[in-house]
Amino acid sequence: MKQLGIVDSAFVNLEHRNVPQHVGGLGIYDPSTAPGGFVRFKQVLSNFEDRLHRVPVFRTRLVDVPLGLDKPYWVIDENFDVEFHIRHIALPKPGDWRQLCIQVARLHARPLDMSRPLWECYIIEGVDNIDGVAPGGFAVYTKMHHSLVDGAGGQAFMMALHDLEAEPDPSEPAAEDVIEDTQPSDATLLGKALLNRMKDIPGDVRGFFGLSGDVLRMVNRIRTGDLPHAATDAPKTRFDEPVGPHRVFDAISLDLAELKAIKDGCNATINDVVVTVIAGAVRKYLIAHDELPEEPLAASMPVNMRTRKGETEDANQIGTIMGLVHTDIADPKKRLKAIQKSMEDAKAFIDTPFADTLKLAGYFSPMIAKRLAGIFVDNELTRRLPMGYCGIITNIPGAPVQLYCAGARLTDYHCLGVLTPGSGVCNAIFSMNQNVSMSFLADRNCIPDPDLYRQSLEESYAELKEAVLGQARKPRKKTTRKKAARKMTAGK
């Protein structure tokens, strides 16, 4: 039995039918590398089942403490059934990219069953009319609760469930589980909760006064100019309206070598470049709707805290910073330079309480936190928040090696993030080998026309590339839809 950490518990407490707190990924596979040149569903099922022992937490379920008096625990699910979690579906003909995006968006919109291990996987066949997908190719969509894994942990999950070659040696024997496989009694859970509260009281008091002191010091450093002005006064837009239960999804694929050439040409980072592209897309999309504010918008960006505060046993070790993305600047090179400065300003807050606001949802007991989160979402209180931002931008490094599933080569991978009550879109960047995916997941009311947002991403990238490299080639489209399908919108 293992208790969840503070941030892990935060994602459980924030779970709501309109904003389910799971993340996902969509992989495209080429079966020509597998023995015989094809892969059956039972082979994929067996491949996953054989490797789940490498990540024991994926065979665990949540156990709540009675009355919500303490953070929940993970225990091994004595009734674990891999066939419940791995499903087999197929797209109807013609099986194009638009249909795949709609199907994945619908699957991602459905909350997980919180009484079972918190993940699902869908093997999707019938992807027969997508540019760049090999004959007989298939897709795999996986979703897992954020309490299980963050961006860095997601990479470990991918590595655990894939092979480094098409025909690997047999998998090593199952490792001994470190999580108890027995259901604790209510009395045991209540006893542990009482002991935890008694032990935590001195730490909570010190933590409260320490946090108060940190906040006062942060405010004073901003006042004296030691810290830059925080991006807390950006205007509100459609992107931070209350989030509904329906989703849209789409993605474009970029060439890593081109991105590196752009960042070298501007003396910038890859992250600066992709944020500039997304900011340009937001600008174009809002102009098309006649909604672009004159002031620059801000974005929320998760930060990996492992390298800053040291490893812990928690699944989630992330913080959050806010940065201006300068949607008010039309010129892409000037926008990139401004974003470089705002990213440096935002990083100055990583070691301040401003980066740990997510912990508030996990710091209080579920009895309090879940109720407050429900009130906040159900009453659409995000409308009353003074600050606005244009969604989430997360940059997730992928595996630097080629991966295989049941012998099939992973050719493309697109991430699906999580939406929060005040964030209607999550832009995710994922790099794998020489391919970079730029995907977005959004509330369908926030972006009812995902084709327009995708087109805005493509045009923003082309403009930045032309401005820096003097060439206007379109992004590489390994998984693009047919031209006729581009005129249609998802979810209609």
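Considering the range 112-169 alone, what residues qualify as being acidic (Asp, Glu) and either touching a Cys at 6+ places or on another chain (Cβ under 6 Å) or free of Cβ contacts under 8 Å to residues at least 24 places away in the same chain (or both)? Show your work before the answer.
We begin by selecting, within the range 112-169, every residue acidic (Asp, Glu); these are 113, 120, 125, 128, 131, 150, 163, 165, 167, 169.
Selection gives 113, 169.
Restricting to the range 105-160, name every residue that is part of a strand (DSSP E or B) and of a type in the set (Lys, Arg).
The answer is 143, and nothing else.
I'd like to know if the range 383-394 contains one or more residues that are aliphatic (A, V, I, L, M), more than 20 Å from the chain's Cα centre (by Cα) and at negative phi.
The answer is yes, given that some residue of the range 383-394 is aliphatic (A, V, I, L, M), more than 20 Å from the chain's Cα centre (by Cα) and at negative phi.
Does residue 28 fit the bill of being closer than 23 Å to residue 414 by Cα, surrounded by fewer than 17 Cβ atoms within 10 Å (Cβ to Cβ) and aliphatic (A, V, I, L, M)?
On the way: closer than 23 Å to residue 414 by Cα: yes; surrounded by fewer than 17 Cβ atoms within 10 Å (Cβ to Cβ): no; aliphatic (A, V, I, L, M): yes.
No; evaluated as a whole, the condition is false for this residue.
Residue under question is residue 428, and the condition is that it be touching a Lys or Arg at 6+ places or on another chain (Cβ under 7 Å) and either at negative phi or not in a helix (DSSP H, G or I) (or both); does it hold?
Values: touching a Lys or Arg at 6+ places or on another chain (Cβ under 7 Å): no; either at negative phi or not in a helix (DSSP H, G or I) (or both): yes.
When the stated conditions are applied, residue 428 does not pass them.
How about the range 315-422: which helices (runs of 4 or more DSSP H) wholly inside it have at least 1 residues that are touching a Pro at 6+ places or on another chain (Cβ under 7 Å) and at pLDDT 80 or above? Walk me through how you get there before you give the answer.
Details: elements: 332-347, 360-363, 366-378.
So the answer is 332-347, 366-378.
Checking residue 404 against (1) in contact with a helix residue (DSSP H, G or I) (Cβ under 8 Å, 6 or more places away or on another chain); (2) crowded, with 20+ Cβ neighbours inside 10 Å; (3) in the same structural domain as residue 234 (by TED's automatic domain parsing); (4) aromatic (Phe, Trp, Tyr), which single condition isn't satisfied?
The failed condition is (3).
Can you tell which of 133, 104 is of a type outside the set (D, E, K, R), modelled with pLDDT of 95 or more, buried (at least 21 other Cβ atoms within 10 Å of the Cβ) and assigned by TED's automatic domain parsing to the domain that holds residue 11?
Values: 133 fails: modelled with pLDDT of 95 or more.
Every option except 104 fails the conditions.
Exactly one condition in (1) surrounded by fewer than 23 Cβ atoms within 10 Å (Cβ to Cβ); (2) within 19 Å of the chain's Cα centre (by Cα); (3) part of a helix (DSSP H, G or I) is false for residue 282; which is it?
(1)
Please go through (1) on the phi < 0 side of the Ramachandran plot; (2) under 22 Å from the mean Cα position of the chain (by Cα); (3) surrounded by 20 or more Cβ atoms within 10 Å (Cβ to Cβ) for residue 366 and return the number of the only condition it doesn't satisfy.
It is condition (2) that residue 366 fails.
Taking the options 79, 18, name whichever one is surrounded by fewer than 19 Cβ atoms within 10 Å (Cβ to Cβ) and free of Cβ contacts under 8 Å to residues at least 40 places away in the same chain. I'd like the intermediate steps shown before the answer.
Values: 18 fails: free of Cβ contacts under 8 Å to residues at least 40 places away in the same chain.
It is 79.
The values are calculated or read from the model by the stated rules, or taken from the named source; none is laboratory data. Here the structure is a predicted model, which is why all the values come from computation and not from measurement. Glycine also receives a Cβ, built like all others from the backbone with ideal geometry; neighbour counts cover every protein chain displayed.
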